Amino acid sequence: MSSGFKETTLDNGLRIVAETSTSAASAAIGFFVKTGARDEEAPLMGVSHFLEHMMFKGTDTRTAEQVDLAFDDLGAQHNAFTSSEMTAFWGASLPESIVEVHDILADILRPALRQEDFDAEKSVILEEIAMYDDQPFWVLYEQAMEHYYGNHSLGFRVLGTPETINNMQRDAMQTYFDDRYSADNTIVALSGNIDFDAMVETIANKCGEWKRTGATRGPVNVVRNSGTCEVVIPELRQHYVIMAMAGASAQDDIRYASATLASILGGGDGSRLYWSLVDKGLAEEAGANVDPSDGYGEQLAYAVCAPENAVRVSEVLQDELSKISSALTQADLDRVVAKAATAAAVGSELPAGRMQRLGSLLTTTGVYSSLEEELQKLEALTLGDLKAAAEAFPWEPLLVASTKH
């Protein structure tokens with residue numbers, strides 16, 4: 001789907017961006033707020049995710065039921081997500097309905113935050129936390145990140161903890177919302193068959209009075225704790241291990257080479273970790289990935305295996321990490337670039353996918369780069385680029401976290 005990029009900023013600081021295509025059969029819109037777990041204070045851990053839920057509990061003009069019915073009446077897809085980096089709310093529909101989808105999203109982004117809704121939703125959040133507590137890998141990952149980052153908010157749990165959710169007060173949530181969910185801390189991303197100028201006018205009519213607060217995110221001063229971390233999970237029948245180390249930030253162009261290295265190392269079938277661990281029956285699952293974020297980045301490698309294979313799997317995992325740079329071949333690079341190009345092409349066919357990429361990219365980096373430009377950067381990579389990335393951000397684990405039976 002060919003597209004053209006357009007953008008403007010309203011007087012209150014609300015940034016509107018779009019990749020438009022008159023040939024698209026649908027349209028999509030998302031509101032991306034630059035706030036997440038990393039922006040919270042410790043007593044309010046989980047408030048961004050809690051607020052995501054509260055957005056759908058109703059506004060001064062709509063009840064929760066009316067919000068759901070409004071989307072359903074349009075036949076629109078809609079969803080939301082919260083991460084450490086951002087909170088996003090989006091919808092996709094036929095082009096003729098995108099204005100109405102916008103109107104619903106703009107409305108719910110100014111929620112009523114009624115006390116009775118706040119109190120009732122606490123139990124829903126606590127149930128969600130309990131659900132994730134039944135997933136061993138998630139439990140290990142959260143505790144590993146808390147050990148890794150110490151008291152820094154980068155290690156905060158997106159869902160919060162039972163303690164922070166139980167103790168959270170509605171007025172504290174309101175204060176956080178008033179500061180962080182401001183016009184100048186939000187990006188509206190559009191994609192597909194839309195009239196950009198008309199949508200800007202529509203957005204300005206609904207959101208032009210949103211306040212500017214000057215909300216900022218300070219520079220990251222990351223201090224990573226090294227060593228080992230063992231997490232006891234009762235009655236666990238498998239062994240889980242995660243290895244963490246520093247990686248490229250979302251602002252660093254070396255992230256393309258780092259991501260390619262991670263894919264060669266542990267990007268599913270055909271990767272080094274697949275052949276050395278999964279194919280040989282040592283591990284049920286093994287992989288590696290990079291996580292470039294705003295101002296910092298991480299590299300992770302992991303494996304899941306039977307307890308009796310734990311020592312051997314960790315040894316093989318460490319060995320594959322240590323030799324990734326020296327063992328690189330042109331065939332490795334060509335294969336991964338081809339896979340990335342295919343995945344990008346498939347993902348770009350729907351405006352909803354393009355919208356989410358666009359909003360996430362600009363919220364994290366602030367700078368636009370088309371999908372085609374990013375593919376060109378991948379296709380231009382050389383083995384020298386990958387080795388330079390491995391030298392800048394070695395696959396040498398700072399933290400090794402594992403489950404203990």
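Within the set Val367, Val346, Val336, the sole residue that is in a helix (DSSP H, G or I), among the β-branched types (Val, Ile, Thr), out of contact with any Asp or Glu (no Cβ under 7 Å at 6 or more places or on another chain) and closer than 30 Å to Lys34 by Cβ turns out to be Val346. Can you tell me which residue is nearest to the chain's Cα centre (by Cα) among those in region 75-101 that are part of a strand (DSSP E or B), within 19 Å of Gly46 (Cα to Cα) and of a type in the set (A, V, I, L, M)? Here the answer is Ala88. Restricted to region 342-366, and to residues there that are among the β-branched types (Val, Ile, Thr) and free of Cβ contacts under 8 Å to residues at least 12 places away in the same chain, the residue that is farthest from Arg255 (Cα to Cα) is Val346. Scanning region 22-59 for residues that are of a type in the set (Phe, Trp, Tyr) and more than 14 Å from the chain's Cα centre (by Cα), we see that the one that is surrounded by the most Cβ atoms within 10 Å (Cβ to Cβ) is Phe31. Would you confirm whether or not region 328-340 contains a residue that is over 13 Å from Leu273 (Cα atoms), β-branched (Val, Ile, Thr) and without any contact (Cβ under 8 Å) to a residue 60 or more places away in the chain? Within region 328-340 (the criterion being over 13 Å from Leu273 (Cα atoms), β-branched (Val, Ile, Thr) and without any contact (Cβ under 8 Å) to a residue 60 or more places away in the chain), the answer is yes, since at least one residue qualifies.
Within region 146-186, the set of residues being acidic (Asp, Glu) and either closer than 18 Å to Met245 by Cα or surrounded by 20 or more Cβ atoms within 10 Å (Cβ to Cβ) (or both) comprises just one member, Glu146. Restricting attention to region 121-151 and to residues that are part of a helix (DSSP H, G or I) and of a type in the set (Asp, Glu), the residue that is farthest from Thr161 (Cα to Cα) turns out to be Glu121.
Please verify whether Arg38 is touching an Asp or Glu at 6+ places or on another chain (Cβ under 9 Å) and either outside the structural domain of Phe177 (by TED's automatic domain parsing) or outside any helix (DSSP H, G or I) (or both), treating the condition exactly as stated. Spelling it out, it is not the case that Arg38 is touching an Asp or Glu at 6+ places or on another chain (Cβ under 9 Å) and either outside the structural domain of Phe177 (by TED's automatic domain parsing) or outside any helix (DSSP H, G or I) (or both). The single condition among (1) in a loop (DSSP other than H, G, I, E, B); (2) among the aliphatic types (A, V, I, L, M); (3) surrounded by fewer than 14 Cβ atoms within 10 Å (Cβ to Cβ) that Leu328 does not satisfy is (3). Might you let me know whether region 124-146 holds any residue that is free of Cβ contacts under 8 Å to residues at least 40 places away in the same chain and either of a type in the set (S, T, N, Q) or under 22 Å from Ile203 (Cβ atoms) (or both)? Yes, because at least one residue in region 124-146 is free of Cβ contacts under 8 Å to residues at least 40 places away in the same chain and either of a type in the set (S, T, N, Q) or under 22 Å from Ile203 (Cβ atoms) (or both). All of Leu358, Leu317, Leu321 fail the test of being surrounded by 19 or more Cβ atoms within 10 Å (Cβ to Cβ) and within 20 Å of Glu19 (Cα to Cα), apart from Leu358.
Of all residues in region 47-72, those satisfying the criterion of being assigned to a loop (DSSP other than H, G, I, E, B) and either within 17 Å of Gly91 (Cβ to Cβ) or in contact with a strand residue (DSSP E or B) (Cβ under 9 Å, 6 or more places away or on another chain) (or both) are Phe56, Lys57, Thr59, Arg62. Note on region 102-120: among residues that are within 23 Å of the chain's Cα centre (by Cα) and part of a helix (DSSP H, G or I), the one that is farthest from Asn193 (Cα to Cα) is Ile108. Determine whether region 192-209 contains at least one residue that is buried (at least 21 other Cβ atoms within 10 Å of the Cβ), more than 19 Å from the chain's Cα centre (by Cα), hydroxyl-bearing (Ser, Thr, Tyr) and at pLDDT 95 or above. No - not one qualifying residue is present in region 192-209. Does region 274-283 contain at least one residue that is touching a Lys or Arg at 6+ places or on another chain (Cβ under 7 Å) and without any contact (Cβ under 8 Å) to a residue 40 or more places away in the chain? Yes: one or more hits. Selection within region 147-170: residues that are out of contact with any strand residue (DSSP E or B) (no Cβ under 6 Å at 6 or more places or on another chain) and either without any contact (Cβ under 8 Å) to a residue 12 or more places away in the chain or among the hydroxyl-bearing types (Ser, Thr, Tyr) (or both). The member of this set that is farthest from Met54 (Cα to Cα) is Tyr149.
Residues of region 251-289 that are in a strand (DSSP E or B) and either among the acidic types (Asp, Glu) or surrounded by fewer than 22 Cβ atoms within 10 Å (Cβ to Cβ) (or both): Glu285, Gly287, Asn289.
Could you identify the single residue in Ala306, Ala401, Ala310 that is of a type in the set (A, V, I, L, M, F, W, C), under 30 Å from Trp138 (Cα atoms) and within 24 Å of the chain's Cα centre (by Cα)?
Exactly one of Ala306, Ala401, Ala310 is of a type in the set (A, V, I, L, M, F, W, C), under 30 Å from Trp138 (Cα atoms) and within 24 Å of the chain's Cα centre (by Cα), namely Ala401.
Pairs meeting the criteria (first residue in region 377-393 and under 9 Å from Ala257 (Cβ atoms), second residue basic (Lys, Arg), beta carbons under 9 Å, at least 6 apart or on different chains) are Ala389/Arg255.
The values are calculated or read from the model by the stated rules, or taken from the named source; none is laboratory data. Predicted model, so just to flag it, every value in this text is computed and none were measured. Note that each Cβ is placed from the backbone with ideal geometry, even for glycine, and that neighbours are counted across all protein chains shown.
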